[in-house]
């Protein structure tokens, strides 16, 4: 069990002054903002990464990060996990998530340590050379186990996404990553100020529930599709990733090589398929 009780909503109240371009009247009132704190991920006593994240679902986040960064190969290789506050004197510095992982995984981590910076959405901070950059696709779905989705299912999933983003409704600054079944129903959703964090939280939760072992569904996100999101999806054996905004060229390349159907610009009026269009069924 964690020794830190995570905040229920991951939001804070601040005093603001609202202005209008059409009226001289100002209104002083409290407002809700997304909470963002440094979260250090510590493996076998060694701090590996400090990420800026919303302090909610941190156990899911830590497990998902460990999996999507190939620190462990499966969640069972994480033997223990504890969330603790980190202090310097009377000041709280942030939160640490301590994980005890299998020795073989830890040895591999020490061999290929990446001193990640906490900039939200930056997966290359701290790399010492281009040779250290890992752009492997890492996954290709079995030919006899390829998932396809109907267009109406994709439309249904995105139609219900915003109403399930409870934190974003309060703050307006949260990304969401959601797992959708083949009927278009959102079964899991995680939110965070960072889109990569939101996906890690989703992956972590998926890995802990036997219901999702076969990955009979797909992921949708309220963001653009960077190469890291596609790579994390590949490592989590997610075959279809759909986002509200555009992908990058590297994201498209990795999706093509990993066998991922990558969909972007999903709107009420339509969408754009960038890779493996045969996986989307007209009806």
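A few notes on this one:
- For segment 35-55, a tally of residues being in contact with a helix residue (DSSP H, G or I) (Cβ under 6 Å, 6 or more places away or on another chain) and on the phi > 0 side of the Ramachandran plot returns 1.
- Residue-level check: of (1) outside any helix (DSSP H, G or I); (2) more than 20 Å from residue 276 (Cα to Cα), residue 184 misses just (2).
- Residue check, residue 56 closer than 24 Å to residue 238 by Cβ, in contact (Cβ under 8 Å) with a residue 12 or more places away in the chain and surrounded by 15 or more Cβ atoms within 10 Å (Cβ to Cβ): yes
- Here is the figure for segment 264-280: residues that are within 18 Å of residue 179 (Cα to Cα) and in contact with a helix residue (DSSP H, G or I) (Cβ under 7 Å, 6 or more places away or on another chain) total 2.
- Qualifying residue in segment 211-220 (condition: under 20 Å from residue 64 (Cα atoms), in a helix (DSSP H, G or I) and in contact with a helix residue (DSSP H, G or I) (Cβ under 9 Å, 6 or more places away or on another chain)): yes
- Test result for residue 239, in contact (Cβ under 8 Å) with a residue 40 or more places away in the chain, buried (at least 18 other Cβ atoms within 10 Å of the Cβ) and over 26 Å from residue 54 (Cβ atoms): yes
- Selection status of residue 192, within 24 Å of residue 70 (Cα to Cα), surrounded by 24 or more Cβ atoms within 10 Å (Cβ to Cβ) and outside the structural domain of residue 69 (by TED's automatic domain parsing): yes
- Across segment 243-260, the qualifying residues are those that are surrounded by fewer than 24 Cβ atoms within 10 Å (Cβ to Cβ) and in contact with a helix residue (DSSP H, G or I) (Cβ under 9 Å, 6 or more places away or on another chain), and the one among them that is nearest to residue 281 (Cα to Cα) is 259.
- Filter result for residue 12 (surrounded by 13 or more Cβ atoms within 10 Å (Cβ to Cβ), at pLDDT below 95, more than 30 Å from residue 137 (Cα to Cα) and touching a helix residue (DSSP H, G or I) at 6+ places or on another chain (Cβ under 7 Å)): no
- Complete set of residues in segment 19-39 that are more than 28 Å from residue 53 (Cβ to Cβ) and not in a loop (DSSP other than H, G, I, E, B): 27, 28
- All of (1) under 19 Å from residue 158 (Cα atoms); (2) modelled with pLDDT of 95 or more; (3) surrounded by fewer than 24 Cβ atoms within 10 Å (Cβ to Cβ) hold for residue 216 with one exception: (2).
The values are calculated or read from the model by the stated rules, or taken from the named source; none is laboratory data. This is a predicted model, so every value here is computed, not measured. Cβ sites come from the backbone with ideal geometry, for glycine too, and all protein chains shown count toward neighbours.
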